[in-house]
Amino acid sequence: MTDLRLGALGFGLRGSLARIAHRPGRGSRVSVVAEHDPVLRDRAADRVPGVRTVDDHHKVIDAPDVDAVLVLTPDHTHADIACTSPVAARMAVAAGFRATESLRNGGTPLDVPPLDPELVAYFERGQTP
């Protein structure tokens, strides 16, 4: 089985969700955590074995070793993050939904279906025809 490679945005109050999602060899692994607070970056490095930490969420969204993103930042920051990349935002929502569904069903890995290529192109063009 190939693990779903996750990126996490934030490691504060919701950091435990990244630790729960980190299940190497059992369906998912957290590859990288973005956290602006250096103390929390160090905490992520200590608590999530093998994770890479960065100080900018763009580095997670653009990372080649990330299949989906967990948005664990305070709620009031989600809109700004989603505006960074509509495609990334939609994949984060899909992955979050599937991860929640998986955890509710005993941790059984679930695939995140790929986005329609035409939809991706539409958003990459800035939502213009």
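The values are calculated or read from the model by the stated rules, or taken from the named source; none is laboratory data. Here the structure is a predicted model, which is why all the values come from computation and not from measurement. All Cβ positions, glycine included, derive from the backbone under ideal geometry; neighbour counts span all protein chains shown.
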Qualifying residue in the range 75-82 (condition: on the phi > 0 side of the Ramachandran plot and free of Cβ contacts under 8 Å to residues at least 40 places away in the same chain): no
From the options Val48, Val30, Val54, residue that is crowded, with 16+ Cβ neighbours inside 10 Å, aliphatic (A, V, I, L, M) and within 12 Å of the chain's Cα centre (by Cα): Val30
Output for the range 33-45, where each listed residue is buried (at least 17 other Cβ atoms within 10 Å of the Cβ) and of a type outside the set (A, V, I, L, M, F, W, C): Glu35, Arg41, Arg43
Residues satisfying the stated conditions in the range 68-77, i.e. under 14 Å from Gly15 (Cα atoms) and in contact with a strand residue (DSSP E or B) (Cβ under 7 Å, 6 or more places away or on another chain): Val69, Leu70, Val71, Leu72, Thr73
Filtered residues of the range 20-67 (kept if in contact with a strand residue (DSSP E or B) (Cβ under 7 Å, 6 or more places away or on another chain), in a helix (DSSP H, G or I) and modelled with pLDDT of 95 or more): Arg41, Ala44, Ala45
Answer residue from the range 1-27, given it is hydrophobic (A, V, I, L, M, F, W, C) and in contact with a helix residue (DSSP H, G or I) (Cβ under 8 Å, 6 or more places away or on another chain) and is surrounded by the fewest Cβ atoms within 10 Å (Cβ to Cβ) among those: Ile20
All positions within the range 13-42 that are of a type outside the set (A, V, I, L, M, F, W, C) and under 18 Å from Lys59 (Cβ atoms): Gly15, Arg29, Ser31, Glu35, His36, Asp37, Pro38, Arg41, Asp42
Complete set of residues in the range 1-47 that are under 15 Å from Val69 (Cβ atoms) and among the β-branched types (Val, Ile, Thr): Val30, Val32, Val33
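If the requirement is being modelled with pLDDT under 65 and surrounded by fewer than 15 Cβ atoms within 10 Å (Cβ to Cβ), which of these qualifies: Thr100, Thr77? Break it down stepwise before answering.
On the way: Thr77 fails: modelled with pLDDT under 65.
Just one listed residue meets the conditions, Thr100.
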